[in-house]
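Chemist: Quick one: this structure, given as structure tokens, is what I'll be asking you about.
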Amino acid sequence: MVSRSEVLSLCRAMLRAGRQYPHYNLREYTKRRTLDGFRMNNTDQSKVNEAYAEAKAQLVVLERSVKFHSLYPPKTKNIMEVKLQ
Amino acid sequence: MASLSTTSLSFKAPSTRISQVLKKGSSFQSVTFGRFTSSTSKSLRLQISCAAKAETVQKVSDIVKEQLALTADTPLTAESKFTALGADSLDTVEIVMALEEKFNISVEESDAQNITTIQEAADLIEDLVQKKPAA
């Protein structure tokens, strides 16, 4: 049985990893998706272990993906990141 | 040694109508502040004490409001617990992440799990901002 703090640290680790993308869209997506994913699986207590294992695998994928995407960072700043004047 | 468990300073923050009561940490034994209210921005004074500055607390409150989608007139004091405002633990994680980004700091796992109120968050932020020489 995974403990509460383990789940929270996994969530934090995923959010931290997602922050490292140079691409705005990927950053926002991972943030949104991890939070939604964790909230969805919150409710069903019997599936918690499965969900945790899945999320751990996803974290590995995420970290690898960040490294790949950092190889080709976007050349221009995304319009969404430009502050309104 | 003057025995003080908590000393309260009540300030009227100039920009908002919320009065924030800040508690000093009990590691201080030197000076006892009597109760005084000031209307000008005395937030600079607090640099001497270990309580977080009013601006930091204000910034933290803003972020919390945004994350939890609270209306603008919800009473938000420094002592509000996140759970009391309707946040579950995932929301707390989100808030801590947002604070990390905003203040450009990095919160440890152990610290992050102990944050329950706005005041604690502000204190931790102050701590980290001072330790790391931020540009």
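Chemist: With (1) loosely packed, with under 11 Cβ neighbours inside 10 Å; (2) farther than 23 Å from B:Ala98 by Cα as the list, and A:Lys77 as the residue in question, which single condition is left unmet?
Modeler: Single failed check for A:Lys77: (2).
Chemist: With respect to the numbered conditions (1) open to solvent by 20 Å² or more (accessible area, probe 1.4 Å); (2) more than 10 Å from chain A (Cβ to nearest Cβ); (3) not charged (D, E, K, R), which one is the sole condition not fulfilled by B:Ile125?
Modeler: Exception for B:Ile125: condition (1).
Chemist: Take the residues in segment B:66-85 that are in a loop (DSSP other than H, G, I, E, B) and within 14 Å of chain A (Cβ to nearest Cβ), then tell me which one is most open to solvent (accessible area, probe 1.4 Å). So that I can check it myself, show each step before the final result.
Modeler: If we filter segment B:66-85 for residues that are in a loop (DSSP other than H, G, I, E, B), which is where we start, we get B:69-80, B:82.
The next check asks that each one be within 14 Å of chain A (Cβ to nearest Cβ); those that pass are B:69, B:82.
Numbers: B:Ala69: 83, B:Phe82: 4 Å².
By that ranking, first place goes to B:Ala69.
Chemist: Here's something else I'd like to know. Of all residues in segment A:1-51, which are of a type in the set (Ser, Thr, Tyr) and either within 14 Å of another protein chain (Cβ to nearest Cβ) or crowded, with 18+ Cβ neighbours inside 10 Å (or both)?
Modeler: A:Ser3, A:Ser5, A:Ser9, A:Tyr21, A:Tyr24, A:Thr30, A:Thr34, A:Thr43
Chemist: Could you run through segment B:54-105 and say how many residues are β-branched (Val, Ile, Thr) and farther than 16 Å from B:Ile125 by Cα?
Modeler: The qualifying residues number 4.
The values are calculated or read from the model by the stated rules, or taken from the named source; none is laboratory data. All of these numbers come straight from a predicted model, not from anything done at the bench. Cβ coordinates were reconstructed from backbone atoms using ideal geometry, including for glycine residues, and neighbour counts include every protein chain displayed. These accessible areas exclude ligands, DNA and RNA; they are computed on the full protein's heavy atoms, side chains included. Shrake-Rupley method; radii C 1.70, N 1.55, O 1.52, S 1.80 Å.
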